[in-house]
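Okay, structure first, notes after.
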Amino acid sequence: MTDHSHNGGAAVLPVTRDEVRAIYEAPFPDLLFRAMSVHRAHHNPRLVQHCTLSNIKEGGCPEDCAYCPQSAHYRTGVKNRPMLEVEDVLAQARRARDSGSTRFCMGASWRDVRNGEDFETVLAMVRGVRALGMEACVTLGMLTAEQAQRLKEAGLTAYNHNLDTSREFYPRIISTRTYDERLETVRHVRAAGIEVCCGGILGMGESREDRIGLLMELANLDPYPESVPINALVPVEGTPLADQPPVDGLEMVRAIATARILMPRARVRLAAGRTAMSDELQALCFLAGANSIFTGEKLLTTPNPGNEADARLLARLGLAIDPTMAH
Ligand code: SAM
Ligand code: DTB
Ligand code: SF4
């Protein structure tokens, strides 16, 4: 058992499944009140971080993640295209910065990182984004300890690597890698001194117990991730999950509130899936403790509300863009 208090929370590790369930399933007013109290104790609840994504290498991925339009296993219309040029990515980053984003996240449809020209290009992109005065995040698949170290030296702020769902449900979604491989990459990132961005997806046909299992795994990372993206599945034609019904919005709110309570200092990101959500549902997610969103017209391959819609949403709620940078 580890004292979690150094980590900004009162919980003692390991957090048990029963403890997570008791939070997740609490009556809504109790859950929300507790999440809001924790949120206010650790963050300014009127501020929302803006992050912008760039898909630096799109499509043709050898992995078989059932949700992903970029997997080469499915016919989704997403093409396998070569890496973007450093200058083009930095131009995107500058535009994102000028519309309020403080974090720029670059994704590659790779199973793992290979040393060589493409990795050197990513390192140049990271240095360039940092030079623009933004936080830099990448998500490149699995990674060795040495590669994590090189990203750290390039100035990388955070590495995104999601657990996606519970350990039990994982094999139903991905067969080409294991949960433990995922955790190993997270360990390499942590050991290199890079912030961990690790979360999951709701709406893939998992049960509530699987959502609780995911949150338990995340909260038991020691220390817990600095940022926790909670995605709602964006169903894409051609993927095995194309016909999944949308996740119950109140389950999104419960998951976000539980993440906020279990990981008080983390940025909890209301990530993919916002185009399918009403302003009212997004408002509930912010009340529950979400304090970060992806902005811009596009996520990696699918649409996102865009800057005008988000400016309207924030204005309706009296929220503002968080200008705070990690470091
Ligand atoms: N290939 C790398 C990897 O899988 O770690 C990085 C890119 S991958 C697209 C990043 C994350 O996007 C995935 O872990 C998953 O959580 C999320 N994602 C992918 N497709 C999604 C979808 N259709 N809906 C919601 N989230 C999705
Ligand atoms: C994360 O958790 N969500 C983002 C980011 N990390 C890389 C990706 C969402 C992708 C949604 C599907 C798409 O646009 O292809
Ligand atoms: Fe590849 Fe990442 Fe998509 Fe999985 S989620 S298919 S690893 S790009």
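We did not get these values from a lab; they are worked out from the coordinates using the rules stated. The structure displayed is predicted, hence computed values, not measured ones. Cβ coordinates were reconstructed from backbone atoms using ideal geometry, including for glycine residues, and neighbour counts include every protein chain displayed.
Taking a ≥ b ≥ c as the square roots of the eigenvalues of the Cα gyration tensor of the range 27-321, is the shape rounded (a/c under 1.5), prolate (a/b larger than b/c) or oblate? Since a/c stays below 1.5, the shape of the range 27-321 is classed as rounded. Taking the Cα of E181, stepping 7 Å toward and past its beta carbon, and measuring to each backbone N in the range 121-147: which are under 19 Å? From the range 121-147, the list is 139-147. Summing -39500 (n - 2.57) over the DSSP H runs of n ≥ 4 in the chain and dividing by its residue number, what mean residue ellipticity at 222 nm do you reach, to the nearest 500 deg cm²/dmol? -11500 deg cm²/dmol, from helical runs alone. Within straight-line reach of K79, meaning a Cα separation under 28 Å, sit the following lysines at least 8 residues removed in sequence or on another chain: K57, K298. Loop-located GluC sites (Glu not before Pro) in the range 214-302 (DSSP state other than H, G, I, E, B) with a sparse environment of at most 15 neighbouring Cβ atoms within 10 Å: E237, E297. Peptides 100-106, 143-149 ranked from most to least packed give 100-106, 143-149, packing being the mean of other C-beta atoms within 10 angstrom over each peptide's residues.
In terms of packing, defined here as the mean over residues of other Cβ atoms within 10 angstrom, the peptides 37-45, 271-279, 285-293 line up highest first as 285-293, 271-279, 37-45. Shape class of the range 248-327 from the Cα gyration tensor (axes a ≥ b ≥ c, square roots of the eigenvalues): rounded, since a/c falls below 1.5. Rounded to whole numbers, the Karplus 3J(HN,Hα) couplings from phi for the range 292-306 are 7, 9, 8, 10, x, 6, 9, 7, 9, 10, 10, x, 10, x, x Hz, using 6.51 cos²θ - 1.76 cosθ + 1.60 with θ = phi - 60°, and x at Gly and Pro.
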